[in-house]
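The values are calculated or read from the model by the stated rules, or taken from the named source; none is laboratory data. All values reported here derive from a predicted model rather than from experimental measurement. Please note that ligands, DNA and RNA were not included when accessible areas were found on the heavy atoms of the full protein model with its side chains. Shrake-Rupley method; radii C 1.70, N 1.55, O 1.52, S 1.80 Å.
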Amino acid sequence: MADERRISLRLPTDLHAPLVEQARADRRSLNSEIVHLPEAALGPVDGGNEPP
């Protein structure tokens, strides 16, 4: 991922815990898991369409 955008994200506690567990099971960081899930659902995104 060449370009990144930093965001602040609030998660309900009952959603955070299963995400942490899934990240551990997949041997990824929590951040990588959060990025992976929408990519898996939506497919890879072409970075050229993002506004500057």
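Take the residues of the range 31-46 that are among the acidic types (Asp, Glu) and assigned to a helix (DSSP H, G or I): which is most open to solvent (accessible area, probe 1.4 Å)? Step by step, filter the range 31-46, then rank; the result is 39. Filtering the range 20-30 to residues that are of a type in the set (D, E, K, R) and in a helix (DSSP H, G or I) leaves 21, 24. Filtering the range 11-30 to residues that are at pLDDT below 95 and open to solvent by 100 Å² or more (accessible area, probe 1.4 Å) leaves only 13.
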